[in-house]
Amino acid sequence: MLKRTTTVFHALVAALVAAPIVLLPGLVNAQVDTSDWLCESCPFDEGARGHYEVGATSVSDDAARFGNASGYDTEGAYANVDGSGRYTSDGYRLDWYVEDLGLDSRIIAIDGGRQGSFGFHVGYSDVVYRRFDTTQTVFNPSTTDTLTLPAGWVRAGTTTDFTQLSSSLRRQNIGTDRQIVDLGANWKPAAAFRVFADFRRQTKDGIDISSGSNYTQAPFLPRWIDYETDQVDAGIQYGTNRANLTLAYYGSYFTNHHASLTWDTPFATSPGAELFRMAVAPDNDYQQISLSGAYRATALDTVVAFNVASGSGEQNETLLPYTINPNVVASSLPRNSLDAEVDTSNYALTITSRPFPKGRIKFSYRHDERDNKTLQSDWSRVIVDFFDSGEFEPNVPYSFERSTISLSGELVMWKDIRVSGGYDRKEIERDFQEVAKQTIDAGWGQVRWRPLAWLDLRFKGGASERDIDRYDESIAVSLGQNPLLRKYNLAYRYRSYGELIASITPVESPLSLSTTVLFADDRYNKSLLGMTDSEELRATADINWAVSDNASVYLVVGHEAIDALQLGSEQFDAWDWSATHEDSFSHVGAGFHWRQAEGKYQLRFDYNRGDGNTRIDVFSLSGGQSRLPDLESTLDSATIEATYRWNDRWTGTFDLRYESFDLTDWALVSPTTLPTILTLGAQPYNYDVWALGVSVRYSFGGDEISLAE
C-alpha cells in the first residue's frame, strides 16, 4: 500500500471541514448564536436535517485493482464515516457532505450562502490510483530524482546474467495519490450582476513507470512523481430574462518538483556511461480570457449563443545538458531554455430556432487555433549518452487551425413520426506534419416512429469522409518512416454506420425492454501500409420487470466485436506482412431489489460478468502464418445489501461484495524473460476478494440532503 496514513495537512483539513459532523448532534437541540456567520439570533436546530453513517469493512485479500479508486487495496479492516446535512434559516443555507472519511479515497464538501445574495463552497477530496502490487525493482527506494543500484551489483549484458538480481529485487507498488482542495465564492452586488471566483489546488504524488533506454538495452524504472497544479477561474456575469454575458479569466499553473530522472544502468556499458539522465514534464502555465453570452429572441423562438477566448501558454524551464557522460564532448546548447510560447484562440457561434411549430433547426460554427511561437534552433544529437552523432536537427513548433460548421434540423412529419438530420464539415490545417490540410464531411439522418404509446423505434444512419490534400512523403522520410505508410489519424478514411434503437414500455405491463444495435465500418482505401479496414458491431438489451409494488428484477446483456486489418513491411517497401485484430467483449448483468411493505426491510442483489478476448493473427511472406497468444480477461462481481430500519432515525446495513478478476496478458513478463529489458515483473491480475461491511445510520430532521446528487 502506498499511503495508509493521512498527512498532518490532510488531517487538519479533514478536521476543519468535518467539524459540523462532530458538532451537529449536540447542536440540534441547543440554542446557538450564529449571527457572526449566518443569521441573527436563529437557533441551530431550526431547519437542520441530515444523516450520519458509521461502519466498518473487512477485505479478505490484497488486490491493487480491487482497491483502485476506493482504497480497499490491502487485506484488513477499514473504518468509515459518511454523512450529509443541511441547515436553513431566513434565506440562509449551509450544506455539508462527507463520503468515505475513513478511507484513502474521501470527499468532504461544504456549500452555503444566501439565495440571491452570495454563496461559497469548500471542498477536499482524495483520489487513489492503484495499478500494480506485484511489481519489483532492484533500484533503491528514493523520493528524489535519482535511482541507484544496490551495493555490490555486478553489471552484465543480459538479464539472465545478473547474478545479484534475485537477491536484490524488492517489492515496489505502482500507483498514485491525488489530493484536491476547492475554494470558491460568488456575490450578487445587483440583481443582474454576479461575481465569482474559484480556486483549485491539485497535488499528485506516488510512483509511475518509466523506461530508460541505453541504445540496445533498457530497464523499467519506478519513477517518483510529485506534481502540483493550481487552477483559477474568475469572472463577472450579467444576466436578464432574455440575455446573459460572462467575462472570465482562467489560469492553470503546473509545477513538477522533480525536474529530471537520473539512474544507474544495470547493464554492462562503456566507461562513463554508467549514469543516465532524462528530462520529465517541465513547469508550465496557461492563461486565458473569454467572453461568452446568449440572447433569446421571441421571434421564431430563437437563441443565439457565442464564445470568444484567447489564451497563452508558456514553458521556460532550464534545459538539461546534452549528456552527463564525461567522456563525450558535446557542443553547447543553442540556448539555456526552450522559452516556449503557444497562443490559442477559440471562437464559437450557435443559433437554434423554431421557424414553425413542427420544425427546429440548429447552426453552429467553431474555430480553434494553436499558434506555436517557440523559436527554432539547431540542436545536436547525443545518442543515449554514448556518442555525439554530429548531426543537427531543429525543434518543431507544431501549430494548427481547425474550423467546424454544423447544421441540423428536426421536423415532425406526422403525429407519430419525427425526421431529423444534419451535416458537419471540419477543416484542419497543420504545420510540420505529413498532411497539411484535411477535411471531414459528415452527414446523418434519423427517423423516430412511435406508432403506439408503449413502442418507440429509432433508426439512425450516416457516413463521413476524411479527405486530405496530399500526403507529404518527404516529411515521413525525414522522420525515418516508410514513405508508403499512412498514419491512421492522417490517412483518407470513409466511415459509414447504422444504429437501431427500440424501446417497449407497456403502460399496464410490469415488463419494459430496450435494445440497441450498432454497426460501423471504416475504410482506409488509399493506405498502402498501416490501418486499412475496421468494423464494429455492438448490441445491447435491457429488460426490467416490476414483480410487485415492492420488488423489481432487471437483466442487461451486451456484446461488442471490433475487427481490424493492418498492413506492414519488413523491407521498408511494399507490404510483406499483415495482422488481423479481433476484439470481442461481452457483458451480462442481473439483479433484484425488494422492499418490505412496511418499509423496515430492504434487500438488493447485483451481479455482473464481463469477458474480453483479443486474437491477433499475423501473416508474413517470409514466415508464413502465425498467431500471438490470446489476450483474455474475465471479471465477476456480485453485491448483496440488506437494510433494516428500526425507526425513522436509526437504520442498519449489511453488505457483502465479491469480485474475481482473471487476466491473461503476454505483454506482462518477469524481469528475466527479455534478455535486454529489465522489467518490473508485473503479473497479470488474478484475484478473488471478499469485502464484508456493516454500518449504522442515524438521521435527524426532515428529508436528507446530499451534495453528491
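Within this structure, Thr176 fails the test of being at pLDDT 95 or above and not in a strand (DSSP E or B).
Suppose the filter is farther than 30 Å from Ser509 by Cα, assigned to a loop (DSSP other than H, G, I, E, B), modelled with pLDDT of 95 or more and of a type outside the set (D, E, K, R); does Thr404 pass it? If you could, list the steps in order and put the result at the bottom.
On the way: farther than 30 Å from Ser509 by Cα: yes; assigned to a loop (DSSP other than H, G, I, E, B): no; modelled with pLDDT of 95 or more: yes; of a type outside the set (D, E, K, R): yes.
Against the criterion (farther than 30 Å from Ser509 by Cα, assigned to a loop (DSSP other than H, G, I, E, B), modelled with pLDDT of 95 or more and of a type outside the set (D, E, K, R)), Thr404 does not qualify.
Applying the set (1) surrounded by 14 or more Cβ atoms within 10 Å (Cβ to Cβ); (2) part of a strand (DSSP E or B) to Pro189 leaves exactly one unmet item: (1). Considering only residues in region 324-380 that are in contact with a strand residue (DSSP E or B) (Cβ under 8 Å, 6 or more places away or on another chain), of a type in the set (Ser, Thr, Tyr) and surrounded by fewer than 15 Cβ atoms within 10 Å (Cβ to Cβ), the one that is nearest to Thr265 (Cα to Cα) turns out to be Ser331. Within region 331-349, can one find any residue that is more than 29 Å from Thr229 (Cβ to Cβ), in a strand (DSSP E or B) and either in contact (Cβ under 8 Å) with a residue 12 or more places away in the chain or not aliphatic (A, V, I, L, M) (or both)? Yes; the residues of region 331-349 include at least one that is more than 29 Å from Thr229 (Cβ to Cβ), in a strand (DSSP E or B) and either in contact (Cβ under 8 Å) with a residue 12 or more places away in the chain or not aliphatic (A, V, I, L, M) (or both).
In region 460-496, what residues are among the charged types (D, E, K, R), out of contact with any Gly (no Cβ under 6 Å at 6 or more places or on another chain) and outside any strand (DSSP E or B)?
From region 460-496, those among the charged types (D, E, K, R) are 460, 465-467, 469-470, 472-473, 486-487, 493, 495; that's our starting set.
Filter once more, keeping what is out of contact with any Gly (no Cβ under 6 Å at 6 or more places or on another chain): 460, 465-467, 469-470, 472-473, 487, 493, 495.
Hits for region 460-496 are Asp469, Arg470, Asp472, Glu473, Lys487.
When Asp542, Asp533 are checked against the criterion of being at pLDDT 95 or above, among the acidic types (Asp, Glu), closer than 30 Å to Ile616 by Cα and crowded, with 16+ Cβ neighbours inside 10 Å, a single residue qualifies: Asp533.
One residue is enough: does region 644-658 have a residue meeting the conditions on the phi > 0 side of the Ramachandran plot and assigned to a strand (DSSP E or B)?
Taking region 644-658 and keeping what is on the phi > 0 side of the Ramachandran plot, we get none.
No, there is no match, as no residue in region 644-658 is on the phi > 0 side of the Ramachandran plot and assigned to a strand (DSSP E or B).
Every listed requirement among (1) among the acidic types (Asp, Glu); (2) under 30 Å from Gln571 (Cα atoms); (3) exposed (fewer than 15 other Cβ atoms within 10 Å of the Cβ) is met by Glu434 save one, (3).
Note on region 407-452: among residues that are in contact (Cβ under 8 Å) with a residue 40 or more places away in the chain and of a type in the set (Val, Ile, Thr), the one that is nearest to Arg360 (Cα to Cα) is Val412. Would you call Glu427 outside any loop (DSSP other than H, G, I, E, B) and either modelled with pLDDT under 95 or crowded, with 17+ Cβ neighbours inside 10 Å (or both)? The answer is no for Glu427.
Regarding Glu508, is this residue assigned to a loop (DSSP other than H, G, I, E, B) and either of a type in the set (D, E, K, R) or modelled with pLDDT of 95 or more (or both)? Working first, answer last.
Numbers: assigned to a loop (DSSP other than H, G, I, E, B): yes; either of a type in the set (D, E, K, R) or modelled with pLDDT of 95 or more (or both): yes.
Against the criterion (assigned to a loop (DSSP other than H, G, I, E, B) and either of a type in the set (D, E, K, R) or modelled with pLDDT of 95 or more (or both)), Glu508 qualifies.
The values are calculated or read from the model by the stated rules, or taken from the named source; none is laboratory data. Worth saying up front: this structure is predicted, and the values here are computed from it rather than measured. Note: ideal-geometry Cβ built from the backbone for every residue, glycine included; neighbour counts use all protein chains shown.
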